[in-house]
Amino acid sequence: MSMTLTPRALAATAFAALGLAGLAVTGGWMPPRATAAPAATAAIAISPNVPGDLATAAPAASLNDAATFAWNEFFALNWAAAPGKRDTAATNCAFGQTGPGCSGPLVWQTFRGKAEIFPGQPSFTSTVKPPGYDPSDPRFGYDTPPRYGNVYPFAVPQCPTTNASQIVEPAAWLNLDETDEITLANMFAGSAPSPLPSSAPFNSAPQLVRFLAKANHVEYMYVAKNKWWGFPDNDPDPNTGSPAPFAGPQMETMAYVAANHRDPAPGSSTLISLPNGSIEIKAGWRVLTAAEAASHAFVQQRARYYENANNPCWLQATFGLVALHIIQKTPSAPYFVYATFEQSDNIKTAAGVPVEDVNGGVVAMQACAAGQASPCPTSPTEQLVQPTPPAPPQTPGPFPVVNLTPAASAYCTRPQKRIYYLNEQSGTPTGGFICVNRRDNDIPTQIQSVNAQAHAVLATYLAAKHITNSPFAHYKLVNVQYQPIDKPYAGPYRAAGSNPNTGANPASYHLANIVVETNRSLQRFSGGLSPGISTDYNAYLGISPPPVIHQNVFYAANGSTGHGTGNNMGGCMGCHGSQGQLQGGNFSVIFARGATTANGPEVPSNLTPMTMTVLHATRANAVPRHPTRNRHLVTDRIR
């Protein structure tokens with residue numbers, strides 16, 4: 001790589017990275033099985049082959065094209081996995097088939113969890129390799145069964161039980177080691193049981209939605225090939241020999257993006273740019289009632305989860321899938337394509353009536369609270385307030401503030417069957433529950449139409465295969481982002497209606513899953529996640545000279561190697577740009593954050609309404625750990 005600054009000099013100047021000269025990229029390595037992606041299809045097809053790109057190049061594609069691509073991803077990734085090999089479909093099984101050889105984990109469920117790719121570092125003088133890492137294996141040990149014993153910076157044993165002996169079972173494929181919406185809010189489902197029956201495994205917050213993040217073999221092999229599992233990388237400090245914080249490829253990539261306004265070439269071995277075909281998953285899971293478990297309306301799987309804030313330990317139980325994010329880097333979408341699915345009945349009225357049908361059409365309405373104006377997506381109403389900018393040259397400014405209507409005393413005290421959340425961050429109302437009545441932006445009619453097509457294709461397929469009671473019929477695409485859009489003004493994205501031909505409509509621009517990005521700042525996200533950069537726009541309005549518009553997604557059209565352009569993008573793409581691309585991790589937040597920190601795995605916060613203490617004996621020599629903030633937001637370093 002040609003460069004004029006040493007890694008240490010780059011680290012010292014990263015905050016001024018916009019002034020750095022461009023850095024050449026070399027070594028565009030592409031891992032096996034990623035070089036010949038399956039062809040995209042223009043129609044919905046139930047196939048075990050994950051589509052490699054949209055049928056029409058992503059920026060110019062229609063919303064219908066993007067939704068079709070999303071559904072084809074959904075079908076391929078939810079195929080039964082082949083035994084003994086991760087991220088590989090059991091092609092002898094039909095989609096949705098159960099029974100011998102077809103009842104194990106699904107393809108995406110066998111992806112490596114984030115801590116299996118970036119294990120925790122006990123200290124900067126020690127580098128922990130991913131479990132099963134094997135440099136002699138073409139897949140670098142990717143197929144090693146899940147092991148979580150050494151992926152955190154401290155030992156996490158099984159929770160003690162009241163039984164005389166521990167029940168030992170294999171590590172679950174699902175590792176629910178996140179408990180909140182990126183530290184902004186805890187999410188709950190009023191339909192879930194509370195409390196759990198005494199016969200069930202202990203769960204201090206049975207209505208809490210727990211999350212996981214995973215990545216496929218393409219991403220893992222890229223990390224393993226370059227030995228980039230440390231944080232932020234494994235380049236040693238020349239003075240101490242230990243890994244050097246904020247130096248090496250991560251900071252160099254940040255500087256490259258700032259200087260060139262585009263990503264390095266996919267698969268670079270010197271700067272961080274994931275190969276095409278890299279897929280990441282984020283999923284939300286919750287405990288089901290007995291009736292829900294018997295309804296065949298939820299994908300169900302055993303999962304590991306964590307308890308006891310001061311002395312974490314693990315348990316395993318069966319959970320139901322309520323949300324599924326799929327993001328994939330494709331040749332025409334170096335900024336990734338973002339698709340998000342939900343279980344069809346997530347949003348309910350207080351009485352338990354589904355607000356939307358299986359395709360996403362609104363069929364019922366929750367009445368607004370007393371004194372609350374309509375429409376009322378939440379009770380009470382939350383409104384983002386642009387912070388008053390500080391007088392120059394004082395920066396950064398305050399976080400954006402969220403006000404309530406009616407007053408803060410009017411929190412939702414009776415969620416009943418509704419989903420609801422509890423804010424964590426300062427600047428947001430944290431004194432009580434916010435109940436969800438409907439989405440801020442309804443699912444566009446074009447997405448509803450593609451959902452209906454997908455459900456019809458699925459029904460015909462299942463009937464031909466004589467498969468009944470498939471839970472996949474109860475999931476719907478919420479929306480998909482496939483093109484960067486710039487919003488050079490404050491407030492929600494403004495567009496006339498829901499354009500059926502493009503993704504340029506408010507619901508697509510502010511893409512949000514109702515149980516993953518429920519917090520108001522995430523529902524209306526555009527901008528950044530750090531002091532001085534509002535999640536709504538920027539914190540420099542009213543300042544002279546003219547305001548600096550925060551741009552979070554940089555992209556050079558048509559694979560150009562020239563200087564790219566910046567966008568103030570919203571929703572998932574904007575968030576991954578802010579917390580991924582601008583942090584030197586391409587658009588991967590997993591990559592940008594690197595090794596699992598001392599705050600993982602996450603346990604239910606003491607801000608949640610349930611009892612947080614494990615009811616069994618705690619281990620000796622427990623070290624108290626702060627339970628309310630399980631992770632820290634990565635602040636933007638480039639504006």
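The values are calculated or read from the model by the stated rules, or taken from the named source; none is laboratory data. Since the structure is predicted, the reported quantities are computational estimates derived from the model, not experimental observations. All Cβ positions, glycine included, derive from the backbone under ideal geometry; neighbour counts span all protein chains shown.
Could you list, in sequence order, the residues of the range 468-504 that are closer than 30 Å to CYS93 by Cα, of a type in the set (Val, Ile, Thr) and touching a Phe, Trp or Tyr at 6+ places or on another chain (Cβ under 8 Å)?
VAL478, VAL480
Since PHE433 meets every condition but one in (1) more than 24 Å from ARG210 (Cβ to Cβ); (2) of a type outside the set (Val, Ile, Thr); (3) in contact with a strand residue (DSSP E or B) (Cβ under 6 Å, 6 or more places away or on another chain), which condition does it not meet?
All conditions pass for PHE433, except number (1).
For the range 439-472, give me each residue that is at positive phi and either hydrophobic (A, V, I, L, M, F, W, C) or in contact (Cβ under 8 Å) with a residue 60 or more places away in the chain (or both). If you could, list the steps in order and put the result at the bottom.
Looking only at the range 439-472, we keep the residues that are at positive phi, and these are 466, 469.
ASN469, the sole residue that qualifies.
Does any residue of the range 539-554 turn out to be modelled with pLDDT under 75, assigned to a strand (DSSP E or B), buried (at least 24 other Cβ atoms within 10 Å of the Cβ) and more than 20 Å from the chain's Cα centre (by Cα)?
Taking every residue of the range 539-554 in turn, none turns out to be modelled with pLDDT under 75, assigned to a strand (DSSP E or B), buried (at least 24 other Cβ atoms within 10 Å of the Cβ) and more than 20 Å from the chain's Cα centre (by Cα).
Can you tell me how many residues in the range 75-98 are part of a helix (DSSP H, G or I) and either buried (at least 22 other Cβ atoms within 10 Å of the Cβ) or in contact with a helix residue (DSSP H, G or I) (Cβ under 6 Å, 6 or more places away or on another chain) (or both)? Outline the logic, then answer.
Kept after step one, since they are part of a helix (DSSP H, G or I), are these residues of the range 75-98: 75-77.
Adding the requirement that they be either buried (at least 22 other Cβ atoms within 10 Å of the Cβ) or in contact with a helix residue (DSSP H, G or I) (Cβ under 6 Å, 6 or more places away or on another chain) (or both) leaves 75, 77.
Matching residues across the range 75-98 total 2.
If a residue must be part of a strand (DSSP E or B) and either free of Cβ contacts under 8 Å to residues at least 12 places away in the same chain or under 25 Å from GLY52 (Cα atoms) (or both), how many such residues does the range 344-375 contain?
Counting residues in the range 344-375 that are part of a strand (DSSP E or B) and either free of Cβ contacts under 8 Å to residues at least 12 places away in the same chain or under 25 Å from GLY52 (Cα atoms) (or both) gives 1.
Quickly run through the range 509-538 and pick out the residues that are modelled with pLDDT of 65 or more, buried (at least 24 other Cβ atoms within 10 Å of the Cβ), not in a loop (DSSP other than H, G, I, E, B) and not polar (S, T, N, Q).
TYR509, ARG520
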